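Below: the structure, in structure tokens.
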Amino acid sequence: MSLEMQQVWVYLSTSPLLWLTLTLIAYQIGTWVFRRLDCPPLLNPVLTAIILLVVLLKVSGIDYQTYFKGAQFIHFLLGPATVALAIPLHREIEVIRKSFLPIVITLAVGSVTAIISAVGIVWALGGESIILLSVAPKSVTTPIAMGISEQIGGLPSLTAVVVVLTGITGAVGGDFILNRLRINDDNARGMALGVASHGIGTAHAIQRSRVAGAFSALAMALNGLFTALLLPVLVHLMG
């Protein structure tokens, strides 16, 4: 690399706009590959974008704090994007009303299972208490999960990473598991993806059908509320 190009790169690498632009480009590349190859779950656009950005940061030697100065604009939009999921929910409100009892049962069982499974795995591997608290809200959408983690004494940054990994895992492997269990009902599939894999799972459910997307959005929202109320109480009782 010539001296002039190196100086240009040093200047641009400190600009938040550069990393915002590269994040959007990485996601567009992931989306293009995903659609080009007939939407294989393993090539989820979010996963592809993360891999591309990790490689870029590693090769360029840029630290995460510098990158996040640009990516924080996308992080801010997580809140409005979550609220916007109320649109498909409103469109299917009549179907949701008829399924009130199954929704409540699924939510209660799914939320508790998500917490117990996360904490149980970390405990079995000998993780410290702060790690246990950080992974407990893993199945809640990122903004809520980070707030819960901070409230109960976890590490919000670690929580954010675990939440993203949980969402990607659900979006990539959720269909495989549901197909193996022969669960073909869009209501059930949407609830499962929303409770287990929050926003990324909901985005995947929307690709399947409007009904699945609506149930997934509902499950994600109610799971966030339920976990935010339940988890601090459990931590207090156990403390």
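Tabulated data for the structure shown
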read-out: Value of D in µm² per second that Stokes-Einstein yields for the range 150-225, Kirkwood Rh from Cα pairs, at 10 °C (1.306 mPa s); value: 128
read-out: Accessible area of MET146 in the full protein assembly, 1.4 Å probe (Å², nearest 10); value: 50
read-out: Largest-first ordering by accessible area, 1.4 Å probe, given options HIS204, HIS75; value: HIS75, HIS204
read-out: Percent breakdown of C-alpha pair distances by 10 Å bin, ordered from the shortest bin, for the range 11-93; value: 16, 37, 32, 12, 2, 0
read-out: Average projection area in nm² (convex hull over Cα atoms of the range 64-115, one quarter of hull surface); value: 5.5
read-out: Per residue, in Å², the accessible surface of the chain once ligands and nucleic acids are set aside, probe 1.4 Å; value: 58
read-out: Globularity ratio of the range 79-159, using Cα Rg and 2.2 N^0.38 Å; value: 1.34
read-out: Most mobile of ASP63, ASP185, ASP175 in a GNM of the chain (Cα contacts under 10 Å); value: ASP63
read-out: Estimated inter-spin distance, GLN151 and PHE100, nm [label 7 Å along Cα→Cβ]; value: 2.6
read-out: Bins of 10 Å from zero: percent of alpha-carbon pairs in the chain; value: 7, 29, 33, 21, 7, 2, 0
read-out: Accessible-area composition of the chain, carbon plus sulfur, in percent [1.4 Å probe]; value: 71
read-out: Computed [θ] at 222 nm, helices only, for the chain once each DSSP H run of length n ≥ 4 contributes -39500 (n - 2.57); value: -27500 deg cm²/dmol
read-out: Axial C-alpha extent at least 18 Å, average Kyte-Doolittle at least -0.5 - helices from the chain (DSSP); value: 16-36, 45-60, 100-124, 156-180, 210-238
read-out: Computed magnitude of the charge dipole of the range 65-139 (debye, nearest 20; Cβ of K, R +1, Cβ of D, E -1); value: 140
read-out: Magnitude of the charge dipole, the chain, Cβ model with Lys/Arg +1 and Asp/Glu -1, debye to 20; value: 480
read-out: Mean separation of Cα contacts under 8 Å, 6 or more apart, over the residue count of the range 91-222: relative contact order %; value: 22
read-out: Heavy-atom accessible area ranking, 1.4 Å probe, most first, across THR227, THR82; value: THR82, THR227
read-out: Extreme residue, positive dipole direction of the chain, given options GLN72, GLN207, THR31 (C-beta unit charges); value: GLN207
read-out: Candidates LEU101, LEU218, LEU85, ranked by Gaussian network fluctuation over the chain, Cα under 10 Å, top entry; value: LEU101
read-out: Area accessible to solvent at PHE100, 1.4 Å probe radius, in Å²; value: 140
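The values are calculated or read from the model by the stated rules, or taken from the named source; none is laboratory data. What you are looking at is a predicted structure, and each value in this text was computed from that prediction instead of being measured. With ideal geometry, Cβ positions are generated from the backbone for all residues, glycine too; neighbour counts draw on all protein chains shown. Heavy atoms of the whole protein, side chains included, go into the accessibility calculation; ligands, DNA and RNA do not. Shrake-Rupley method; radii C 1.70, N 1.55, O 1.52, S 1.80 Å.
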